[in-house]
Each structure stands twice: as C-alpha cells, then as structure tokens.
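All remarks here apply to the structure that follows.
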Amino acid sequence: MAAGTADNGPWWRRVLGSPPVVLAILYVALTYLYLSGFFFRASFTQGPVQGAAASVVSGIMMLAIYASIVRTAENRPVDELALGPAARELGLGLLLGFGLYTACILVLMALGIYRLQGLNAWSMLLPGLAAPIATGVFEELVFRGGVFRLAERWFGTWIALVLSSVVFGFVHLENDSATMQGILSISLWAGILLVATYLLTGRLWLGIGLHAAWNYTQGSVWSGIVSGNQAAPAGLARSTMQGPDWLTGGTFGVEASLVALVTCSAVGIAMIVVAVRRGRIIPPPWTAPRQP
C-alpha cells in the first residue's frame, strides 16, 4: 500500500505515475480486456466450461496488464498481486463470498421471505461460472486496485474508502433494474467489505475471490437477481421470494436488502478494526509532520 517511487524523478515520470493518469490508463486497458472477453465468450465459446475457461484466460490477462501498467507507471513492485499468498487468499475469499450470501439467504428463510421449493439439476451450476470470474477480477482491479489504492495515496485511507465506495455503488446505475436503494446499499456494505479485504491483507486476492463467489452464489446457487442486472436466473435452487423491498432487495436483488447491509457491513467493519490494529491505515498526506 506504499506510494511507490513514481513521486520522485523526472517530470514525465511524476506525471505518468500520478494517481489520475494511472487510474485512467488502468480503466481504459482493463475495460477493453473485460469487454473483449465478454464478446469472445458470447461469439466463439460453445458451452459453459469453455466460457469459464475463456473467463479465466481473460482474468489472467487483466491481472498481467494491471501488473505491467503499475510496474511501469508507478515504478514499484506490484505487492498487491504477490503470488505467494494468492492461492490461500483466493480460496478464503471464495469461501467467504459463498458463506456471506448463504448466511443472508438463511436469515431470509427464517423470516419466511425466501422459500426453497426444490433443486434443479446440478448441471445448472455450470452456465453461470464465466461472468463472476471475469467480473470479480475486473472490478477488484479497477475499484480497489485502482480507485481506492490511488485515492489513498492522495487523501489517506478514510477519504479513499468513502470515495471508492460511492464510485463503486453508482457505476451500477446503468444496470437494467438498478434502484437507488440498491445503489446506496452496495455503496455502504460492499464498499466497506471489499476495501476491508484489501486493507487487511494489502493484496487484492481475497477481494477477488469474495466478489466472484458472492456473484456466483447469488445467481447460480440460490437463483437470485445479481446487482439488478436481469430477472433472477435459473440456478440450482428453485425458490420464491416474497416480502417488502427492504427485506427482499426488490428488483436489485438481495444485495439491496437490510439483511445484506447488516451482515456484510458487520463483517467488513470487523476486518477494518483488525486492519487498524495492524497499522494499515494511511493518514492524509497533509497531516504528516513537516520535516525540519
């Protein structure tokens, strides 16, 4: 989470390594790769396994391009993508994403809001693999590796947390069935939780795993609406959801519900508390004592 060495050196390196320039380059390059992967899957892959494999390749390319841009522009090691802890943190993230969404569903079951009517064929778990893999990688690289990390360099951790959470929430306004309830909800809990994964580890792997597993579990396991993108997909579960929008999330999905807000915010805040105790919070640069 250090600022790196791009703040020193000739003027062109300072410009190239400045947060707005790095963020612009990352956004353009990663968006191009993400959309290219989407259109490739839609046009050329046959079947869910091939689609998932294409998403894995697309994700690896996005990771490689992110690392190349950061290493070149900021002139520093890309510690946030250190390979040593990658498998462990990805695995923990996958378990956490599955567990958190499932916990929300269990609460809604207990309240009589979500009703499980049976299970579809296990093959229903396959079609939804591709999109969560690509989206988890893309959004964590852009919003935590880009928006949050670079804002933290200029404004410190707490302001960067607010800025990145608002940006992350409001980019979902373009989704098909987006609601203001949904936008505000994920700005709060998802912004806190996903930044917390980065603060806790100093790396992006935990957040990538959590983000991908959360999206996958929503649609492919519990057959829920994913971020207001479309009607609920046909996943493993055959279910109904009936209740007030503040509990069901309405057309945005469970992400917009009070249950998700309370559950995921609590976990995110607990992780941030640990990060604070570990000294991972960066104060605003203007509060640093002046050198004599």
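Keeping to segment 164-180, report how many residues are surrounded by fewer than 18 Cβ atoms within 10 Å (Cβ to Cβ) and modelled with pLDDT of 95 or more. Number of matching residues: 2.
For first residues located in segment 19-48 and part of a helix (DSSP H, G or I), partners that are aromatic (F, W, Y) and at pLDDT below 95 and lie 6+ apart or on another chain with Cβ distances below 6 Å form the pairs P19/W154. Can you name every residue in segment 136-193 that is over 16 Å from the mean Cα position of the chain (by Cα) and among the β-branched types (V, I, T)? Once the filter is applied, which keeps residues that are over 16 Å from the mean Cα position of the chain (by Cα) and among the β-branched types (V, I, T), segment 136-193 yields T157, I159, T179.
Taken as a whole, the structure places L193 among residues that are out of contact with any strand residue (DSSP E or B) (no Cβ under 6 Å at 6 or more places or on another chain), among the aliphatic types (A, V, I, L, M) and either closer than 12 Å to C264 by Cβ or not in a helix (DSSP H, G or I) (or both). Of everything in segment 257-292 that's small (G, A, S) and part of a loop (DSSP other than H, G, I, E, B), which residue is nearest to L184 (Cα to Cα)? If we take residues in segment 257-292 being small (G, A, S) and part of a loop (DSSP other than H, G, I, E, B), then S257 is nearest to L184 (Cα to Cα).
Summed over segment 230-256, the residues that are in a loop (DSSP other than H, G, I, E, B) and either surrounded by fewer than 19 Cβ atoms within 10 Å (Cβ to Cβ) or out of contact with any Asp or Glu (no Cβ under 8 Å at 6 or more places or on another chain) (or both) give a count of 11. If you go through segment 133-161 and keep only what is buried (at least 18 other Cβ atoms within 10 Å of the Cβ) and modelled with pLDDT under 95, you end up with just R153. Please tell me if W214 is within 30 Å of G146 (Cα to Cα), at pLDDT 90 or above, among the aromatic types (F, W, Y) and in contact with an Asp or Glu (Cβ under 6 Å, 6 or more places away or on another chain). Here the answer is no, as W214 does not meet what is asked.
The values are calculated or read from the model by the stated rules, or taken from the named source; none is laboratory data. The model shown is predicted, which means the values in this text are computed figures rather than measured ones. Don't worry about glycine lacking a Cβ; one is built from the backbone with ideal geometry, like all the others, and counts go over all protein chains shown.
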